[in-house]
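Below is one structure, written out as structure tokens, with a few remarks after it.
The values are calculated or read from the model by the stated rules, or taken from the named source; none is laboratory data. Note that the structure is a prediction, hence the values are computed from the model and not measured. So basically every Cβ, Gly included, is an ideal-geometry build from the backbone, and we count neighbours across all protein chains shown. Ligands, DNA and RNA are excluded from the accessible area calculation, which covers all protein heavy atoms including side chains. Shrake-Rupley method; radii C 1.70, N 1.55, O 1.52, S 1.80 Å.
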Amino acid sequence: MNNLIKRVKYNARRNAGNVGDSPGMIRVPEGALKPHIAMFSYNKDELITSEGKDIKVILAQLKKCDNHTHWIKINGLGDARLIEQIGEHLKINPLVLEDIANIHQRPKFDEYEDYAFSTSRIVHFNSEDELVNHQFSAIIKDNLIISFEEDHVECFEAVKARLKAGKGAIRTAGPGYMCYALTDTIIDTYFILLAQIGDKLDAIEDKVYTDADKSIMFNSQQIKRTLIIIRRASWPERDKINDMIRSDSPLITPEVKLFLRDAYDHCIQAMDLIENYKEVTSSIIDLYLSMVSNRMNEIMKVLTIISAIFIPLTFIAGIYGMNFSRQDDKGHIIPDNMPELYWRHGYVYAIVFMFLIAIVQIYIFWKKGWFNKL
């Protein structure tokens, strides 16, 4: 029987660095992809885009578009030198650069003198139904925001489409608004993921009532583990958004804070869904175990009835199966030694008597309603 859900595989948490390393040391994660840079320079009137693989693309467009807001989108963390060059050019603290390369960060928002640093977790199912849990980092400074993602999968097509359309405040509200837009998009992916999990839970619940088997328990446990991963991403994301709302940084304007409050509400809704689905998952597992226990009880009840019917029959057969001699070695009759063994038609009488006992027992059990509950 095919399982409804493939076994969930979580991306390996690649450790970067050694115990006792100097703070601020950038170590590229093992197996990290080479970076691809996409740059979007925009203002109210125009949008200029460019792509490349090194910092020259960034510097050239910054020089060319000095009156624009810039979104520098870097996919892949496989070039430590690129991260160092960005840090040198923008005067970023080495500890921030270390956090970008160390992909184990929980969502947070850190403020510095003239820039801010934000991290989030991008969680979604890939095409093979495996759970992906990647880090998203962003540096916000002056008129630019630089985002870092672990892989080359495009997660912000909607934001890019809004930039191209030029509608709303995305081109005019500065890099703080872009940080909000990216964060809100990440939270929206949680809802997509939770909708997929909800559909799978519905399918598993239907299977409990129609064709229950061991896959129900295994699949439910996999979903429960997935929900724990999403919970670990969404709970600190709520705290991060709250920190942004309370921030005094000029990068997070009052206009942006209004939108952040909406994102905060969305995060709370996602957390509520996660808790609800966890309860449903636990209920499905408990229901399946109860059904297995009830089925076992029914089987034991049938076996008990069968045993109760055969116990007196076995008792009679055991008594008359004892090999006591009717006569002694001299041929004299020994009194009280099973005279029934020498009755004419004694075998037939014994079989009929045993049959009548079984019939009486079955009638008594039926009157008590035991067979109706099997």
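Which is farthest toward the positive dipole end of the chain among W366, I83, F355, measuring Cα position about the Cα centre, with Cβ charges +1 (Lys, Arg) and -1 (Asp, Glu)?
F355
Between T253 and A80, what FRET efficiency comes out of the Förster formula 1/(1 + (r/R0)^6) with R0 = 35 Å and r the beta carbon distance, rounded to 0.05?
0.55
Straight distance only, please: which aspartates and glutamates reach the Cα of K64 with their own Cα at less than 17 Å, same-chain residues fewer than 8 apart left out?
Straight-distance partners of K64: D45, E46, E51, D54, D142.
Less than 17 Å from a label point 7 Å out along the Cα-to-Cβ axis of I359: which backbone N atoms in the stretch 297-324 qualify, by residue?
309-310, 313
What ranking, highest mean first, results for peptides 67-79, 175-187 when packing means the other Cβ atoms within 10 Å averaged over each residue?
Result, highest mean Cβ count within 10 Å first: 175-187, 67-79.
Set the bar at 30 Å for Cα to Cα. Now go through K207/K301; K200/K301; K167/K200; K200/K257; K278/K301; K73/K167 and name every pair that lies beyond it.
K200/K301; K167/K200; K200/K257; K278/K301
Please work out how much accessible surface K164 shows to a 1.4 Å probe, ignoring ligands, DNA and RNA, in Å² rounded to 10.
140
Expected output is a single nm value to one decimal: the length gained when fully extending between E154 and A212, i.e. 0.36 nm times separation in residues minus the C-alpha distance. What is it?
The E154-A212 span can extend by a further 17.0 nm.
Points 7 angstrom from Cα along the Cβ direction at N372 and N323: gap in nanometres?
5.0
If you place +1 on the Cβ of every Lys and Arg and -1 on the Cβ of every Asp and Glu, how big does the dipole about the Cα centre of the chain come out, in debye to the nearest 20?
For this selection, approximately 920 debye.
In a GNM of the chain with a 10 Å cut-off on Cα contacts, which of E51, E279, E113 has the highest mean-square fluctuation?
E113
Alpha carbon centre of the stretch 48-96 versus the stretch 263-304: separation in Å?
Using only Cα atoms to place each centre, the spacing works out to 49 Å.
Straight-line reach from K108: which aspartates and glutamates have Cα under 12 Å away, leaving out those fewer than 8 places along the same chain?
D99, E237, D239, D243
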